[in-house]
Amino acid sequence: MKITIYGGGNIGTQFAAHYAEAGNDVTMFTSKPEKFAKHLTVVNHDGQILHEGDIETATSDPAEAFADADVIFIIVPSFAMKKAASNVIPYVKKGTFIGIIPGNGGGEVSFKDAIDKGAIVFGLQRVPSVARLVEYGKSVCATGYRKTLYAAALPKKYTEDACRILSDGLQMECKALPNYLNLTLTPSNPILHTTRLMTLFRDYVPGKTVYQYVPLFYEDWSDETTELLFECDAEVQGLCRELKDFDLSEVKSLKVHYENDTVEGFTYKIQNIEGFKGLSTPVVEVEGGYIPDLDSRYFTADFNYGLFVIMQVAELVGYQMPNCKEVFDWYQKIKKLGYGEFSYKEFGITDKGSFEKFYKQ
């Protein structure tokens, strides 16, 4: 198949190596095509090659990248999804598969016009593994590959086809989700990152507060964060029950996902996940100490295009989420201007009826 990867970061490089290894004609669409080698590798922490393959080309030309593609993977932060859609949609045709990795953050709505043209939009519930670039355009280190992937498509009837595309290219089992809302409402980073940031920086006042010490993001995870996370997680599960016309059984509680339903057990599990070790909290060093890095994707993506998407769904169906609202309202007080937010209304989804019509197709 002719595969185009939109985005040359961690997961984009990983996907390119996998799909090239599987014998596909892979094109990288990136703003820095000159930095991409033909041969890409996925390695482990010891530098041993896990997967490798040769891409056909890297380009910054949309026509070259998208016009003849059978499958286009969109692997960019959620805040870049609208721009990605504007670059891709002019070139898609009936039957083009557009994969959003991962599938939450509102990306499916950004590609609403592509669906109207006869394209198929699909997404993964979670990325295949933790991945970190070793060298841009050449190699990525991957740890903790999942046993099974889960995917859904719009229109729904193409979900099995999307699963085959993913399983064939990634050499991993991929199972169908009941509908795309199981991706939209997946509470991973929108709950995990946002609750952690609030408990770390609850007292932060821009221009006034400076921290002498900032804990590691995961290894120093606190029971306070877990308690707030559990409250927000329960609200997401309540929202799923409110959406009675959809099978949302695969929007798993984070207690289930991390196999811990006690505060102490959950905290210990997060602190000891191998792929999370050593990851720092997003901060900027200033005179006298540190302040939160409000330009980090942990803020600009996971609040504006993560938690806020879930809250808009709740608003459309009339469901209250007080703990999630508290977390988002805290962010509103400290956020930097200039970063956008996902909006269903921008794409003509303004009430429960239009919301359900889009996700039932």
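The values are calculated or read from the model by the stated rules, or taken from the named source; none is laboratory data. These numbers come from a predicted model, not from an experiment. Heads up, the Cβs are rebuilt from the backbone with ideal geometry, glycines too, and the neighbour counts pull from every protein chain shown.
Observations, loosely collected:
- Restricted to region 259-285, and to residues there that are in a strand (DSSP E or B) and β-branched (Val, Ile, Thr), the residue that is farthest from PRO102 (Cα to Cα) is VAL284.
- Among the residues of region 309-361, the ones that are farther than 20 Å from CYS232 by Cα, without any contact (Cβ under 8 Å) to a residue 40 or more places away in the chain and not in a loop (DSSP other than H, G, I, E, B) come to 6 in all.
- Of all residues in region 175-190, none satisfies being under 29 Å from SER280 (Cα atoms), of a type in the set (Phe, Trp, Tyr) and buried (at least 19 other Cβ atoms within 10 Å of the Cβ).
- Residues being modelled with pLDDT under 95 and either buried (at least 20 other Cβ atoms within 10 Å of the Cβ) or under 15 Å from HIS193 (Cβ atoms) (or both) - total across region 276-294: 2
- Failed item, numbered, when TYR19 is tested on (1) in contact (Cβ under 8 Å) with a residue 24 or more places away in the chain; (2) part of a loop (DSSP other than H, G, I, E, B); (3) under 22 Å from ASP168 (Cβ atoms): (2)
- Residue in region 320-328 that is at pLDDT 95 or above, β-branched (Val, Ile, Thr) and under 21 Å from the mean Cα position of the chain (by Cα) present: yes
- Test: residue in region 199-210 that is among the hydrophobic types (A, V, I, L, M, F, W, C) and assigned to a helix (DSSP H, G or I): yes
- Within region 36-53, not a single residue is surrounded by fewer than 22 Cβ atoms within 10 Å (Cβ to Cβ), part of a helix (DSSP H, G or I), in the same structural domain as ALA22 (by TED's automatic domain parsing) and of a type outside the set (Asp, Glu).
- Of the helices (runs of 4 or more DSSP H) lying entirely inside region 75-174, those containing at least 3 residues that are more than 19 Å from the chain's Cα centre (by Cα) and surrounded by fewer than 17 Cβ atoms within 10 Å (Cβ to Cβ) span 159-170.
- One residue alone among VAL140, VAL76, VAL121, VAL109 is out of contact with any Pro (no Cβ under 6 Å at 6 or more places or on another chain), of a type outside the set (D, E, K, R) and within 20 Å of CYS174 (Cα to Cα), and that residue is VAL121.
- Matching residues, region 235-252, being in a helix (DSSP H, G or I) and free of Cβ contacts under 8 Å to residues at least 60 places away in the same chain: GLN237, CYS240, ARG241
- A residue that is assigned by TED's automatic domain parsing to the domain that holds GLU227, at negative phi, of a type in the set (Val, Ile, Thr) and outside any helix (DSSP H, G or I) occurs somewhere in region 286-308.
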